[in-house]
Amino acid sequence: MAEPRVFKNFIGGEWRPSASGKTFESRNPADTRELAGVFQDSGVQDVNAAVAAAKAAFPAWRATPAPKRAEILLRAAQLLQERKERYSADLTREMGKPLFEAGGDIVEAIGMAQYAAGEGRRMHGVTTPSELPNKFQMSIRQPIGVCGLITPWNFPMAIASWKMLPALVVGNTVVIKPGEDTPHSTFNLVECLHEAGLPPGVVNIVTGYGPTAGQPLVEHADVPVISFTGSTATGRLVNLAAADKIKRVSLELGGKNPVIALDDADLDLVMDGVLWGAFGTAGQRCTATSRLIVQRGVAAELTERLVARAKTLRVGNGLSPETEMGPIINQKQLDRVLDYVAIGKSEGAKLLCGGGRLTGGDYDYGFFVQPTIFGGVSRDMRIAREEIFGPVLSIIEVADFDEAISVANDVPYGLSASLYSRDANHAFRMMRDIESGICYINAPTIGAEIHLPFGGVKGTGNGHREAGPQLMDAFSEWKSVYVDYSGSLQRAQIDNEV
Ligand code: NDP
């Protein structure tokens, strides 16, 4: 698979231009003079072609023994490892995050390829005794068909791998529509799968915009499964569009993740965790720390130290080894972050540092925002409740642990949450009472590993989990099988009446 600078759609193992002939550009958000790639601006005809290719490839792929499917994933993991440096640079160029973070994206895909490949030799169902004599019963996991995958721009390699690789090991075929800002990394992942021996049509990539390329995929009659990661607003639209055809829809949506710091916390640890959680990936993680809920006894000291450290963070082009925080992904997202800064000020929160666009020199060619901290935030302010998806931290002071939990839970989201405390009783109450899918003790809100389930509660999703032992659940059906070897009709619940 050659790597053209102009990327065509990858359909049925072939490169195909969009039916309309239209393309769009992806540019480096740290320096928009740099073109990261040209991609196809696809529409319904392209989606139809990709789904047809995936549908045609399904019977043979489904019939391939699962351990053989897994071998391809393992070979792809090896190729990803060998190309990690190059793929990290590609990812930084399209998404902006610093190189060391981009490497983490690739490592997640490697981990997921290995983990999903392991399922090729497990994929366990259950056997269970019957209530009747001479009867055997078991459950088996089966693929569903063509899975439609829609991904955002913030983890272009990792999120694509979280969806694609579990779907493939079960025996499904896929069509993926990556976020329009960052499609290159999806091509890199698929390049490895292709070279590892994936048959044509098993994975297809269609690039384009949400309404014109994403929506036709969601609505397509031959796509029974949709796995979507993105904003809550779009997730709702996707859910509605799929409801008519009773599709299986897995949604991973937004967050408003809190760190709770109690008076007995190790403040050095809190500092490191909050700075990494709030400003890593320029706050553009669904698990980013956007609220610091701090007990009054340590609030002043912690705030002062955090502000001092935030001011020293080196913001710049992610390709430079010096950079600690990269740019915002695009103009729209930059405007959104600056709008929220204005909202915070108008609500009466105190801007303690940052809050502005960085300009001058190379900054003028990218979308750079200063690391921003608001103090004096109350739980009902919009900056305390709504997802900003940028490097903006709101500090909320509370009297005690009970108030902290109440504030933490008082948002429409529930993805990740963290507690810093030396008190084991508080740690266990946190684990029990926090309304989130992921909970950390003495660690930041970011840092999920692929062998535990990932996902959230409330507005963050619809109950599905990615990764972890549940990784195949969204992409498979259970079939219960009963084998009666008694030679006579045995009526369950009737012939064995107690
Ligand atoms: P969006 O919801 O805007 O987009 C996500 C994907 O959906 C993109 O590929 C987009 O296409 C596509 N899309 C847009 N409209 C439609 C539509 N009508 N039908 C089908 N697909 C559509 O999110 P962002 O890309 O802006 O990502 C940021 C958001 O994602 C944040 O809110 C963040 O919290 C959330 N997120 C959640 C994660 C989680 O696991 N919970 C992880 C990462 C991010 P296009 O390329 O045109 O935008």
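Scanning region 452-473 for residues that are open to solvent by less than 50 Å² (accessible area, probe 1.4 Å) and either of a type in the set (A, V, I, L, M, F, W, C) or free of Cβ contacts under 8 Å to residues at least 60 places away in the same chain (or both) yields a count of 7. The residues on offer are Ala89, Ala77, and the sole one that is open to solvent by less than 10 Å² (accessible area, probe 1.4 Å) and part of a helix (DSSP H, G or I) is Ala77. Within region 119-136, residues that are surrounded by 10 or more Cβ atoms within 10 Å (Cβ to Cβ) have Cβ atoms under 6 Å from residues that are acidic (Asp, Glu) in these pairs: Lys135/Asp484, counting only partners at least 6 apart in sequence or on another chain.
With respect to Val225, determine if the residue is at pLDDT 95 or above and under 29 Å from Thr323 (Cα atoms). Against the criterion (at pLDDT 95 or above and under 29 Å from Thr323 (Cα atoms)), Val225 does not qualify. Listed conditions (1) of a type outside the set (Ser, Thr, Tyr); (2) touching a Leu at 6+ places or on another chain (Cβ under 6 Å); (3) more than 7 Å from the ligand (Cβ to nearest atom) are all met by Gly255, apart from (3). For region 1-66, the strands (runs of 3 or more DSSP E) that sit wholly inside it and include 3 or more residues that are surrounded by fewer than 19 Cβ atoms within 10 Å (Cβ to Cβ) and at negative phi are 14-16, 23-28, 31-40.
Scanning region 241-250 turns up no residue that is modelled with pLDDT of 95 or more, within 10 Å of the ligand (Cβ to nearest atom), open to solvent by 10 Å² or more (accessible area, probe 1.4 Å) and within 18 Å of the chain's Cα centre (by Cα). Residues in region 159-198 that are within 10 Å of the ligand (Cβ to nearest atom) and crowded, with 24+ Cβ neighbours inside 10 Å were compared, and the one that is nearest to the chain's Cα centre (by Cα) is Ile159.
Residue check: Glu435 meets all listed conditions (1) under 14 Å from Pro258 (Cα atoms); (2) surrounded by 22 or more Cβ atoms within 10 Å (Cβ to Cβ); (3) not basic (Lys, Arg) but one, namely (2). Could you go through region 257-264 and let me know if any residue there is assigned by TED's automatic domain parsing to the domain that holds His220, more than 19 Å from Ile159 (Cβ to Cβ) and open to solvent by 50 Å² or more (accessible area, probe 1.4 Å). Within region 257-264, none of the residues are assigned by TED's automatic domain parsing to the domain that holds His220, more than 19 Å from Ile159 (Cβ to Cβ) and open to solvent by 50 Å² or more (accessible area, probe 1.4 Å).
When you scan region 204-227, do you find a residue that is surrounded by 23 or more Cβ atoms within 10 Å (Cβ to Cβ) and under 22 Å from Leu415 (Cα atoms), even just one? There is at least one residue in region 204-227 that is surrounded by 23 or more Cβ atoms within 10 Å (Cβ to Cβ) and under 22 Å from Leu415 (Cα atoms).
For Gly344, are the conditions met, namely being small (Gly, Ala, Ser) and out of contact with any helix residue (DSSP H, G or I) (no Cβ under 7 Å at 6 or more places or on another chain)?
When the stated conditions are applied, Gly344 does not pass them.
Taking region 313-327 as the range and being open to solvent by less than 20 Å² (accessible area, probe 1.4 Å) and within 17 Å of Ala36 (Cα to Cα) as the test, the residues that pass are Gly318, Gly326, Pro327.
If I ask for residues that are assigned to a strand (DSSP E or B) and hydroxyl-bearing (Ser, Thr, Tyr), which ones from region 354-373 would you list?
Once the filter is applied, which keeps residues that are assigned to a strand (DSSP E or B) and hydroxyl-bearing (Ser, Thr, Tyr), region 354-373 yields only Thr372.
Contact map, region 206-227: first residue farther than 22 Å from Leu168 by Cβ, second residue open to solvent by 60 Å² or more (accessible area, probe 1.4 Å) and near the ligand (Cβ under 7 Å from one of its atoms), Cβ cut-off under 6 Å, separation 6 or more or different chains; pairs are Tyr209/Glu180. Report, by residue number, each residue of region 300-348 that is aliphatic (A, V, I, L, M) and either at positive phi or part of a helix (DSSP H, G or I) (or both). The answer is Ala300, Leu302, Leu306, Val307, Ala308, Ala310, Leu334, Val337, Leu338, Val341, Ala342, Ile343. Assess whether Ser476 counts as being surrounded by 20 or more Cβ atoms within 10 Å (Cβ to Cβ) and in the same structural domain as Met271 (by TED's automatic domain parsing). So Ser476 does not fit the description; no.
Entry remark, region 96-118: residues being touching a Pro at 6+ places or on another chain (Cβ under 6 Å) and in a helix (DSSP H, G or I) number 1 in total.
Assess whether Leu292 counts as being part of a helix (DSSP H, G or I) and open to solvent by less than 10 Å² (accessible area, probe 1.4 Å). For Leu292, the condition - part of a helix (DSSP H, G or I) and open to solvent by less than 10 Å² (accessible area, probe 1.4 Å) - is not met.
Between Gly104, Gly148, Gly96, which is of a type outside the set (A, V, I, L, M, F, W, C), within 16 Å of the ligand (Cβ to nearest atom), within 25 Å of Asp46 (Cβ to Cβ) and under 22 Å from the mean Cα position of the chain (by Cα)? Exactly one residue qualifies, and that residue is Gly148.
The values are calculated or read from the model by the stated rules, or taken from the named source; none is laboratory data. The structure presented is a predicted model; accordingly, all values stated were derived computationally and were not measured. For neighbour counting, all protein chains shown are included, and Cβ atoms are generated from backbone atoms with ideal geometry for every residue, glycine included. These area figures cover heavy atoms from the full protein model, side chains too; ligands, DNA and RNA do not enter into them. Shrake-Rupley method; radii C 1.70, N 1.55, O 1.52, S 1.80 Å.
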